[in-house]
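Here the structure is laid out as C-alpha cells; the discussion comes afterwards.
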Amino acid sequence: MSAAALSRAAPAGKSACELADVFARYGDAYASAHPLTAARRKAMWAIRHCRTAVLGGQRYWCEACGYQRYVYHSCRNRHCPKCQSRETAQWVEARCRDLLPVPYFHNVFTLPHDLNPLILFSERNQRALWKLLFDAAAATLREFGRSTFDGGQIGFTLVLHTWDQQLRPHFHLHALIASGALSADGRQWIAGGRKFLFPVRGLSKMFRAKYLDGLAELLEHGELDLPPQLAHLADQVARRRLLRQWRRKPWVVYSKAPFAGPKKLLDYLGRYTHRAAISNHRLLNCDDGQVCFTWRDRRDGDRRKTMSLPAEVFIHRFLQHVLPDRFLRVRHYGLLGNRGKQQRLAHCRELLGGSTFAATEPPPQSAADWLRQTLGIDVTQCPCCGEPLYCETLAPCDPPRRGADPRIAAWDTS
C-alpha cells in the first residue's frame, strides 16, 4: 500500500467519500483523456495528497502513557475542501474590523449563461473576462456612488463566485457596499439610506453596457480565444450583430440589505474566499464510476436533493471552477482600497462618531492558537493523560512507523 493510501485511513467521523478519493480513483484516467491547465493539474494533485504522508508532517508522542499521533501537512491549495479554515476565519475577522457603523447592502452582479462557452474555452479567456466582470461592476458602483453622493467616495468589496449547487458554471460577483460615502473634500460623511441604496434597473443597464463595451474591445484586439461555436465572432459584422442581441437581453443585478447584518454576510462570503465548488460533507459516495452528492434546490423551497454524475463529468464540472494561478477572487475598492485604507477608515469613523465590529482580541497566529481559541483544544497536551506532547518532523513521503496509528488529525498544522 502506498504512503498516500496508508495515511488516508479514515478516523472516526470521517466522510464516507471525499474529493481526494474521487481524484485518487478517477483522476489519472481523466487527466490522460483531457488536456489540463497547470493550475487544474496542480489542484488535482494537491487535493489528492492533502494531509497524507506524501506532504510530510509531524509525529507527536507522550512519554508518560505512550500515546502517539501523526499529523500530516495540508496542501494549502485554495480549491481544497479540507484546507484554510483558519485563513477563512482570519479573513472574516479582518473584514469585520473594516466595517463602519453604517447600514450595508448586498448586491449580486450576474453574467448571462450565453457567455459561458466563451469564458470556459481557455484560461486566457477566464483571466480576461473575469477581470472584465470585476472592472465593469466596480465602475458601475463608482459611477452610481459619485452621482448619488455628490462626488463622494464609497467603499465596497467584490467576491467572485463561479458555481451553482450542481457545480454548473454560474459566474457572478457578490458585493458588500457601505451605505454612504466620504465627501469629495473629505470633511463629512454623506449618509445613505437604510432600505435603498442604488436602483437595480439602472445598475443592471450600466453594468451590461460596460461589460459588453469591454468585451467588444477585447474581441476587436484579438485578445480572446474563440470556441468553434463562436468562431463567427472573428467577423466584425457578425460580432456586432451578436453583441446587439446580448444588449437587448436583461442582465440580473440583485440588491438588498443583508438580512442579519453585514457580519452574517461576511460569514457567508467567507465560504467562497478560500475554497471552491463543493465541500466533503456533501459527497455521499464515489463507487462504480459514479459520484453521488447532495444539493439544495433553490426553486423548490431550498429542499435538499441527491444527484449522481459519472466521475468524468463530476471532475470536469469541478475543474471548471479552478481559478488561474494568482488570479484574485476578492478585491476591494474605494474606501477599502489597500493604499491608505486604515487612515481613510479611521477618518470615516471619526466623522461618524462611532465604532465598528472590531475584534477585541488579536487574530490567532498559528493553527494551534486557532484551535485553542476556537474549539478549546490544546494540541500540545496528551488527550489521554494531559502531559506535554513531544514532536518530531516527518519528511515528505515518509511512511508512519511500524505499529503507529496512521490516522489523520482533524486540524491543519501547515
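Read the figures in this text as sums done on the coordinates, not as results from a lab. Please read these numbers as outputs of a predicted model, since none were measured by experiment. When we count neighbours, we look across all protein chains shown, and the Cβ atoms used for this are built from the backbone with ideal geometry, even at glycine.
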Those chymotrypsin sites (Phe, Trp or Tyr not before Pro) from segment 224-282 that are DSSP loop and have at most 12 other Cβ neighbours within 10 Å turn out to be Phe259
C-alpha long axis of helix 262-273 to longest principal axis of the chain, angle in °: 70 degrees
Simple Cβ-charge dipole of segment 265-336, Lys/Arg +1 and Asp/Glu -1, about Cα centre, in debye nearest 20: 360 debye
Quick query: amide H of Phe171 versus all other amide H atoms, modeled in the peptide plane; which residues come in under 5 Å with a sequence gap of 5 or more or a different chain? Leu111
Within straight cross-link reach of Lys82, meaning Cα distance under 17 Å, which lysines are found once same-chain residues fewer than 8 apart are removed? Lys14, Lys42
Computed label-point distance, nm, for sites Arg194 and Gln342 using a 7 Å Cα→Cβ extension: 3.3 nm
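Working from the pairwise distances between different alpha carbons, so that the mean of 1/r is found and then inverted, what is segment 18-73's Kirkwood radius in Å?
When all Cα pairs of segment 18-73 are included, the Kirkwood radius is 13.2 Å.
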If we sort 45-57, 95-107 on the protection proxy, mean other Cβ atoms within 10 Å, highest first, what's the order? 45-57, 95-107
Quick numbers on segment 49-100, Rg and Dmax over C-alpha atoms in Å, give 16.2, 52
Which lysines, on any chain, are close to Lys205 with Cα under 23 Å apart, when same-chain ones fewer than 8 places away are left out? Lys131, Lys195, Lys249, Lys256
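Placing +1 at every Lys and Arg Cβ and -1 at every Asp and Glu Cβ, with all other atoms neutral, what dipole size does the chain have around its Cα centre, in debye to the nearest 20?
Numbers: 60 positive and 37 negative charges, 251 e Å.
In total the dipole reaches around 1200 debye.
Given a Förster distance of 60 angstrom, what is the FRET efficiency for Ala33 paired with Lys249, based on the Cβ-Cβ distance and rounded to 0.05?
Values: r = 36 Å, r/R0 = 0.59.
The value I calculate is 0.95.
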Show me the three semi-axes of the equivalent ellipsoid for segment 200-326, from the C-alpha gyration tensor (sqrt of 5 times each eigenvalue), largest first, rounded to whole Å. 34, 24, 15
For the pair Asp267 and Thr393, the simple spin-label estimate (label points 7 Å beyond Cα toward Cβ) gives in nm 3.8 nm
Of the options Pro258, Gln342, Tyr70, report the single residue whose Cα projects farthest towards the positive end of the charge dipole of the chain (beta-carbon charges: Lys, Arg +1; Asp, Glu -1). Pro258
How would you order 205-215, 278-288 from highest to lowest mean count of nearby Cβ atoms within 10 Å? 205-215, 278-288
Under the Karplus relation with 6.51, -1.76 and 1.60 and θ = phi - 60°, whole-Hz ³J(HN,Hα) for segment 307-323, x at Gly and Pro, equal 10, 10, 10, x, 4, 4, 5, 4, 4, 4, 5, 5, 5, 4, 9, 7, 6
Based on the alpha-carbon gyration tensor of the chain and its eigenvalue square roots a ≥ b ≥ c, which shape applies: rounded if a/c is under 1.5, prolate if not and a/b is larger than b/c, or oblate? oblate
